[in-house]
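Shown next, in structure tokens, is the structure this report addresses.
The values are calculated or read from the model by the stated rules, or taken from the named source; none is laboratory data. Predicted, not measured: the structure shown is a model, and the values here were computed from it. Cβ: placed from backbone, ideal geometry, glycine included. Neighbour counts: every protein chain shown.
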Number of protein chains: 2
Amino acid sequence: MSHQHFTLLKTTNSARAGELNTPHGRVLTPVFLPVGSQATVKTLTPDDIKSLGFDMLLANTYHLYLRPGIDVIKNLGGLHRFMVWDGAILTDSGGYQVFSLSPLCKISDEGAKFRSHIDGSEHFLTPELAVQYQEALGADIIMVLDECTAYGDSRKKVQQAMERTHRWAERCHKAKTNNNQALYAIVQGGMFPDLRQASAEYLKKLDFPGYAIGGLSVGEPKDVTLPLIEQTDALLPQDKPRYLMGVGAPEDLVEGVARGIDIFDCALPTRVARNGALFTRKGRINIRRAAYSKMDSPIDPSCDCYTCRTFSAAYVSHLFRSEELLGLRLATIHNLRFIRNLMNDIRKSIMDGTFQSFREDFLALYHTTNEQTRVEQKGRWLKGRGNQVT
Amino acid sequence: MSHQHFTLLKTTNSARAGELNTPHGRVLTPVFLPVGSQATVKTLTPDDIKSLGFDMLLANTYHLYLRPGIDVIKNLGGLHRFMVWDGAILTDSGGYQVFSLSPLCKISDEGAKFRSHIDGSEHFLTPELAVQYQEALGADIIMVLDECTAYGDSRKKVQQAMERTHRWAERCHKAKTNNNQALYAIVQGGMFPDLRQASAEYLKKLDFPGYAIGGLSVGEPKDVTLPLIEQTDALLPQDKPRYLMGVGAPEDLVEGVARGIDIFDCALPTRVARNGALFTRKGRINIRRAAYSKMDSPIDPSCDCYTCRTFSAAYVSHLFRSEELLGLRLATIHNLRFIRNLMNDIRKSIMDGTFQSFREDFLALYHTTNEQTRVEQKGRWLKGRGNQVT
């Protein structure tokens, strides 16, 4: 990297405020990346994403490799031009999708053999190819290929996967040719604190410009996740950004920041939006409920999003009850703006030195009720619509 | 009506340019109304519709009566406020939907007994209720309740339905209490020229501020439709607007204007958009086709819509192939802007006195190929999504 990729500006307890310097602009941290796996944040234009206040988004190498194909995007001038997004982009390497979406996945030291979840065709992904593809896409931050394990996997299996992830990280590092992209390593080690420690220490020595924590939020209880994040972050270099992959529920963002995370991405805010679950500072509401169907006021009167500034809760409720496509977009706008505002408030409180009280106040008010579980199981009218591919 | 509802400004052969004066602004004719049956033009915000250049849209009493309910909208300040649209609105009475969507429809002189297509519940609609509901919704132009017949129905059946439609038109006229709304009559008479003539002459005597031509485009061949339109329009008063219901394919808009139509509405441009069929001046294209998947240029380089100004055909093609929701919105924007530009060009050519050559040039270039039929049958990923309810 010809410039300094990350600057740590302020620390309050373990919470950190900083900024990322990317070829597509400055990104203030802690930051949440909206998920645009298939080169689109579902329902939104790039202008919408910009208006919501986001400077960086995530796209996925696995999805784009399968459709439309890496070469197609490369020949059209790269991912930024293809999706007409001039902000920063982080691409995931595809390791997690090979593990979670492919109907068949065979891992060897050489790489991962997998089948397309779209047409069943067979493919082979190596660390070198993962870097080559991400260089062709041209994201600002790219990720090493890693081997993921599941909650409940044996220590032996987790250790083997971790060691392979380390070898693959070195191979990615060597394969890299583009100095404008920052390649992040991924700490693995499953639920085993000593393996997490070994992974963090090993990768730290290789001196990557950023470190992700992978293999968490894969079904384990939160009282397992949070200490592992805390422990891992404590071992990572202070001057490098830490990225917690796949986490994005409001309460988890606050708890992640409290443990030193700088970057998050997650499909949850946009996915639950499409199911009618909308964030408020008091928790999620189900906009389909009868209580909202006649409500003249906005979903959240304190919210400054386009949806709340423009429409009544009754109208948004009507759109969901009538299975109207505009509802998905208005709900997505609301939830992403909620997350954006939350991250802004978090950052401000870190800069002010008041993060600890912000965190306590937020968590005291924000209820995670049973309602949200019910909402996530709804949305039957979206089934089979590529809605689940994130 | 306290003001003049319609002003005819210019006639070129049978084609007419005029303007409608509504409580929500002036609307230049000939005009196409985007369809927002459920108080939303699918995928678009009211701001989008305005940006596309539309000043009036259509909503549907049948749909809004069933969901969210007329009282809900009335209590929320009427339809304009409910959907946050400050332009003009025309509401259809629900006659056609009772006939086409209800699983059971029993017509008596008193009114129409029907079942909800949503939950099967039984309802009864009379001419008086149709007016009362449309007054509660508060549209600028409202429609009489009519009885529709199908292509192939017997002369006896068509005549009875026509005569009932006439009686209902008189009852609607009497039931009307709001002088800010213009109530249009609907000419029926099926495919029988003498019945069409009788219907036009009968309704003309009742002196409505506007006349719709109903019961066409219900499956009959175009060489049956066009002469009936021509004949009916010739019998209607010159100083009143003529509205051809449910017509909106580009070639049909041109042919309708040529026969004296001032107002059109149709779900076709937005529905086929969601199936990936995009209008160009040369005809419809199927954006899913391989030919577009690598195309760096816009769908139509001469188009000034947001989609064409911003994205490559390859990107829009990718969104459709990947079943991404943004594709539906970008395609809807393109097709509606195409129709808007077409209506603008038509109007300009009438004002210039060059409509006849515009029409010939347009129809010579615009091909209706087999491709469009195939496209309409695609879109399987949208099935069961309320997508068909228009």
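Taking the stretch A:191-221, which residues are assigned to a helix (DSSP H, G or I), buried (at least 21 other Cβ atoms within 10 Å of the Cβ) and either touching a Leu at 6+ places or on another chain (Cβ under 7 Å) or not assigned by TED's automatic domain parsing to the domain that holds A:E163 (or both)?
Result: A:R196, A:A200.
Could you grab me the full set of residues in the stretch A:56-72 that are in contact (Cβ under 8 Å) with a residue 40 or more places away in the chain and within 17 Å of B:I287 (Cα to Cα)?
Answer for the stretch A:56-72, where residues must be in contact (Cβ under 8 Å) with a residue 40 or more places away in the chain and within 17 Å of B:I287 (Cα to Cα): just A:R67.
Hey, among the residues in the stretch B:2-47 that are of a type in the set (S, T, Y) and away from chain A (no Cβ under 14 Å), which one's farthest from B:L268 (Cα to Cα)?
B:S2
Would you call B:M162 farther than 20 Å from B:A88 by Cα, in the same structural domain as B:G95 (by TED's automatic domain parsing) and outside any helix (DSSP H, G or I)?
No; evaluated as a whole, the condition is false for this residue.
Among the residues of the stretch B:320-358, which ones are basic (K, R) and more than 29 Å from B:R289 (Cα to Cα)?
If the condition is that a residue be basic (K, R) and more than 29 Å from B:R289 (Cα to Cα), then B:R347, B:K348 are the ones that fit.
Please go through the stretch A:275-304 and pick out each residue that is of a type outside the set (A, V, I, L, M, F, W, C) and either within 13 Å of chain B (Cβ to nearest Cβ) or not in a loop (DSSP other than H, G, I, E, B) (or both). Walk me through how you get there before you give the answer.
Residues of the stretch A:275-304 of a type outside the set (A, V, I, L, M, F, W, C): A:275-276, A:280-284, A:286, A:288-289, A:292-294, A:296-298, A:300-302, A:304.
Within the stretch A:275-304, A:T280, A:G283, A:R284, A:N286, A:R288, A:Y292, A:S293, A:K294, A:D296, A:S297, A:P298 meet the criteria.
Only one of these conditions is not met by B:V224: (1) outside the structural domain of B:R337 (by TED's automatic domain parsing); (2) under 18 Å from the mean Cα position of the chain (by Cα); (3) not hydroxyl-bearing (S, T, Y). Which number is it?
Unmet for B:V224, out of (1) outside the structural domain of B:R337 (by TED's automatic domain parsing); (2) under 18 Å from the mean Cα position of the chain (by Cα); (3) not hydroxyl-bearing (S, T, Y): (2).
With respect to B:Q188, determine if the residue is polar (S, T, N, Q), closer than 15 Å to B:L235 by Cβ and buried (at least 23 other Cβ atoms within 10 Å of the Cβ).
Working: polar (S, T, N, Q): yes; closer than 15 Å to B:L235 by Cβ: yes; buried (at least 23 other Cβ atoms within 10 Å of the Cβ): yes.
So B:Q188 passes the test.
Would you say B:R271 is in a helix (DSSP H, G or I), among the basic types (K, R) and within 14 Å of chain A (Cβ to nearest Cβ)?
Criteria met by B:R271.
Yes/no matrix, rows are residues, columns are (1) more than 9 Å from every other protein chain (Cβ to nearest Cβ); (2) under 19 Å from B:L52 (Cα atoms); (3) surrounded by fewer than 24 Cβ atoms within 10 Å (Cβ to Cβ):
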residue: B:Y306; (1), (2), (3): no, yes, yes
residue: B:V316; (1), (2), (3): yes, yes, no
residue: B:E324; (1), (2), (3): no, no, no
residue: B:L330; (1), (2), (3): no, yes, no
